[in-house]
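Notes follow the structure.
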Amino acid sequence: MRLRVLGCSGTYPTCSTPSSGYVIEDPSATIWMDCGTGTFPAMQRVAGYDTVDALVLSHVHSDHCLDIYPLYYARRFDPGCERLPVYCPAGTEEHLSRFLVGDGACKLGFIFDFREVTEDDVVEIGDVRLEFMLTDHPVPTFAIRAQSPGGTLTYSADTGPGADLASFAHGCDLFVCEASYQSGDLGPPLHLSTHQAADFAKRAEVRDLVLTHFWPTHDRMRSVEEAAEVVGDLPVSAAYAGGVFDITSRLWV
Ligand SMILES: [Zn+2]
């Protein structure tokens, strides 16, 4: 199993880095996880909007879901595309549909099959098993744990320090954890600092930590250095747009 990073810029995209978006690439399934601003063109560069088996949305903040609209139009006018399953928090379809206006055919539900999930659900797509945990964020937000014969990864999505990520991510091979803040530049507690992300990784005893959701103006290498102060021997690296982390080899490829 591999994790492809389409974008990892928190809150808004930069010239070189879209907002949050990832692809879980397993031999049995391709799963697009969050489609923040700029991830639709990024996806077209590496694969195509018609190559995914499902879309998973962690929450409805725009930097995690806004490119569902170009995806909608691309699939609407492509007769080869069937309705795409979208796994998401309750209310996502209603919330996102408000932006679409026009003729009667203009409905997200015609193109996407929204499937609301809860913390009790397990979703299986190919050989990939998905589990969900609500995080500490102002809107309903799910951290996502994906397990396949090729390994296990946990994605924190957006969260403050109040979510039990140490339990949810426990023992996974790859922990992709948001680290929006750096030391000396802390914001409101709806996101994590580098030290908090690293502390969760250490307590979860994960094999590899990848930091993500960087504030756009931050130096990511400094974020990695700060996390390394906490995690000890645990390998930590920074997500980057276009990067692919192979869980088996434990390398960016
Ligand atoms: Zn958010």
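What follows draws every value from the coordinates through simple rules; no lab data is involved. Worth saying up front: this structure is predicted, and the values here are computed from it rather than measured. Cβ placement follows ideal geometry from the backbone for every residue including glycine, while neighbour counts extend to all protein chains displayed.
One table, with the values for the structure above:
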quantity	calculated
Calculated FRET efficiency for the pair Ala166/Glu116, C-beta based, R₀ 30 Å, to 0.05	0.65
Mean separation of Cα contacts under 8 Å (6+ apart) over length of the chain, as relative contact order %	18 percent
Simple spin-label estimate for Asp185 and Thr14 in nanometres, 7 Å along Cα-Cβ	0.9 nm
Highest average packing first - 146-157, 162-173, Cβ atoms within 10 Å	146-157, 162-173
Additional length obtainable on full extension of the chain from Glu94 to Tyr69, 0.36 nm per residue less Cα span	7.6 nm
Separation of the Ala47 and Trp252 label points, Cα + 7 Å toward Cβ, nm	2.0 nm
Kirkwood hydrodynamic radius over Cα pairs of the chain, then Stokes diffusion coefficient at 25 °C and 0.890 mPa s, in µm²/s	137 µm²/s
Relative contact order of region 113-198, pairs being alpha-carbon contacts under 8 Å that are 6 or more residues apart, as %	21 percent
Antiparallel DSSP beta bridges within region 1-107, as percent of all bridges there, nearest 5	70 percent
Backbone HN-Hα couplings from phi across region 145-158 [Karplus 6.51/-1.76/1.60, Hz, Gly and Pro as x]	10, 10, 10, 9, x, x, x, 10, 10, 10, 10, 6, 6, 9
Förster radius 41 Å - calculated FRET efficiency between Glu124 and Val101, Cβ distance, rounded to 0.05	0.70
Extension reserve of the Tyr240-Arg203 stretch, reckoned as 0.36 nm per residue once the Cα distance is removed	10.9 nm
Net charge over other residues, Cβ less than 12 angstrom from the Cβ of Cys172 (K, R count +1; D, E count -1)	-2
Percent of Cα pairs exceeding the 21 Å cut-off, where the set is region 3-81	20 percent
For the chain, share of DSSP beta bridges that run antiparallel, in % to the nearest 5	60 percent
In nm, spacing of pseudo-spin labels at Val139 and Glu82 (7 Å Cα→C-beta vector)	2.9 nm
